[in-house]
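Below is one structure, written out as structure tokens; comments come after it.
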Amino acid sequence: MQDYEDIFGAEGPLARSLAGFVPRRAQMQMATRVAEALATRGNLIVEAGTGTGKTFAYLVPALLSNARVLISTGTRTLQDQLHSKDVPLVARALGAPARIALLKGRSNYLCRQRLARSAAQGTLEALAVRDPLRARVEAWAEVTHTGDLAEVAGLTEGHPLWPQVTSTRENCLGQRCEEYARCHVVAARREAQEADVVVVNHHLLLADLALKEDGFGDLLGTSDAVILDEAHQLPDLATQFFGERIGTRQVENLLADSRAAVLRAGLPPAGLGAALHGVEQSLGAMLAVLPRGVPPVRWEDSGADLESFVLGLAAALGSLAAALEATGVEAEVAQSAERAGRLARSLERIALCGEEEGARTVESSGRSLTLGLLPFDIAERFRELVGARRAAWVFTSATLSVGDDFSHFASRLGLAEAPTLRIASPFDYESQALLYLPPGLPDPADPRYVDAVIDASLPLLDASGGGAFLLFTSHRALARAAARLRERWEWAGDLPVLVQGESPRERLLQQFREHGSAVLLGTASFWEGVDVKGEALRLVIIEKLPFASPEEPLVKSRIDFLRRHGGNPFRDYQLPEAVLALKQGFGRLIRSEDDRGLIAICDPRLVEKSYGRVFRASLPEMPATRDLGEATRFLARLAPVTGGMPR
């Protein structure tokens, strides 16, 4: 076993090689436990508080283990950082060279077959009039080694050109494709299978585990260890991947692609026309039974006899699959047959799902309809996947426990027997932070609540001179708060109010960092994965405790399921989920040893309800106050010299 005190110490290779490296005992502790898991091919769950340095704490033992390691992250940003910066940096510092591969989902790579077909059909020529990227993409396609579309400057996923030159699981021809030998997805997977360290993201890993995509190799391959960073996202993501989500647009796209494939293959229409028309009729009948613009509702609350219509569509798709398959083995036609069969099986699973299997939802907007199925319990299936190969599995995040209890996270993934380690943040919250609990606010169910939150926030914003995040639990509350705040502050143009949805997320964060005294209002996507160090963020205001609405279809179904099985939905599900979400929101404030700030949690239930103690016990220890004067004095010491936001 390596001596991690030497490696992470003040005279060690990391301190000698990395500017600004600070030895942390907690980091050594985590590295030692990760090394033990890697050596024994065991499992480990680690909550590492903000500032622990968990990335280096798992990279060092991974690189010194001589194991083939797969690292999965929750975001592409962290994925890119690991591949381009952190792994090479640590490898050089340790003198432990490693072959590193970055693997993304198939939709990130150029599909040569679809590029050629689009050009032949004139699709790209039509785009060329308004899209100067076309010639650039075609020229780049001749020279690229990776096929990663991130190499093409100015091309984003939202651009109409993107889906024309990439493939999906639905339209990929796999080994039947004439370009298979030069396929960038295949090449990227092959490179990953030969690497020592492979960096992926959770979506790709779970898609591979859940769907087992044929023709592209086993993503885990011969991995000796799987390290999952930002692991708090896994239970919900895995539930999605082990469930079903079918939209009518998928059926419509299949029909269009099938007709095009049949025409290109020069096949006689006999038999196919009737099968295609049968799908169209069944699809129209299903769409007709639901009103347009229905928000997500539970299947049983939709007011329609959906089962018969969905089974009818599944049967029609099955007939189409058989008709297409009977035409022969032409690649595109065979692929359409497989798509029709998969859609039929998914629809049957949704329609015939028992009340104990999962929550079914229906959503209608415009001419589209989406059916969903989320299983209530994925623990057994995930546990089987983890145990299917002799490899170490390390799960780490800053938010995995409720107090000192990991059971909520562990039980959802079937990891109840896994060893756990909780490492508190090394930051000095006693001196760096202050928790403010505003007095006198109404109950969050009161229609005046959001206005009261803004009223309570104004003196805090005034004292801090901006530099604030206001985090909300719903888009409705966000919109009301933004309007209310701008009524009072619209004329203070030098202190901008930035609102989620009015600009792309990264653009809002860039403006926030650059200005230094902006006020940013956001919902779920700003509660986690946002890192603003320094004086630009000195105040975080949380509107209310982030309980999921009990009327939300999936939450409602899970509550009913737990009650049927004698559980306590609030204690076993709603409360721990809200605690973990609050910990994420709280974590936005203090991001370094030099940060200081105030966090205001406006929800009176934190003080008035007995379960408030559970939330408090899960937050770092720090001074707390209900005195507005104390809060504003604390913030005034952090405000810029020119601070002061007029009320």
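Since every read-out is calculated from the coordinates, none of them should be taken as a lab result. This is a predicted model, so every value here is computed, not measured. Every residue, glycine among them, receives a Cβ derived from its backbone with ideal geometry; neighbour counts consider all protein chains shown.
Data for the structure
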read-out: Ala322/Phe570 FRET efficiency (R0 60 Å; Cβ-Cβ; nearest 0.05); value: 0.75
read-out: Inter-part distance where the stretch 478-538 and the stretch 584-622 are each reduced to a Cα centre, Å; value: 20
read-out: Angle in degrees between helix 331-351 and the longest Cα principal axis of the chain, rounded to the nearest 10; value: 60
read-out: Cut-off 12 Å between beta-carbons: net charge of the residues surrounding Val530, Lys and Arg +1, Asp and Glu -1; value: +2
read-out: Positive-end extreme of charge dipole, the chain - chosen from Val386, Thr77, Leu205 (charges on Cβ); value: Thr77
read-out: Relative contact order of the stretch 106-187, defined on C-alpha pairs under 8 angstrom at six or more residues apart (%); value: 50
read-out: Förster radius 22 Å - calculated FRET efficiency between Ser365 and Thr77, Cβ distance, rounded to 0.05; value: 0.15
read-out: Ranked by how many other beta carbons lie within 10 Å on average, peptides 304-310, 342-348, 176-182 from highest; value: 342-348, 304-310, 176-182
read-out: Globularity index of the stretch 106-187, i.e. its alpha-carbon radius of gyration over 2.2 N^0.38 Å; value: 1.01
read-out: Within the stretch 360-454, trypsin sites (Lys or Arg not before Pro) in DSSP loop having at most 11 other beta-carbon neighbours inside 10 Å; value: Arg367, Arg390, Arg448
read-out: DSSP bridge orientation in the chain - percent antiparallel, rounded to nearest 5; value: 25
read-out: Cα long-axis angle, helix 248-265 against the chain (0 to 90 degrees, to the nearest 10); value: 40
read-out: Arg25-Arg476 FRET efficiency (beta carbon distance; Förster radius 35 Å; 0.05 resolution); value: 0.15
read-out: Label-to-label distance, nm, for residues given as Thr168 and Glu552 (7 Å Cα→Cβ offset); value: 2.5
read-out: Label point 7 Å beyond Cα of Asp560 along Cβ direction - residues of the stretch 356-377 with amide nitrogen under 20 Å; value: 356-364, 370-377
read-out: Between helix 306-325 and the chain: long-axis angle, C-alpha atoms, 0 to 90°, nearest 10; value: 50
read-out: With 10 Å bins from 0: P(r) over the chain, alpha-carbon pairs, percent; value: 3, 13, 21, 25, 22, 12, 3, 0, 0
read-out: Calculated SAXS-style log₁₀ I(q)/I(0) at q = 0.14 Å⁻¹ - the stretch 243-401, Debye, Cα scatterers; value: -0.78
read-out: Extension gain, Ser503 back to Ala424 (0.36 nm per residue minus Cα-Cα distance, nm); value: 24.9 nm
read-out: Radius of gyration and maximum dimension Dmax of the stretch 429-636, Cα, Å; value: 17.0, 56
read-out: Sparse-neighbourhood loop sites, GluC sites (Glu not before Pro) in the stretch 526-629 - DSSP loop, at most 15 other Cβ within 10 angstrom; value: Glu551, Glu593, Glu621
read-out: Net length gained if the chain between Glu384 and Arg292 were fully extended (0.36 nm per residue, minus Cα distance); value: 29.0 nm
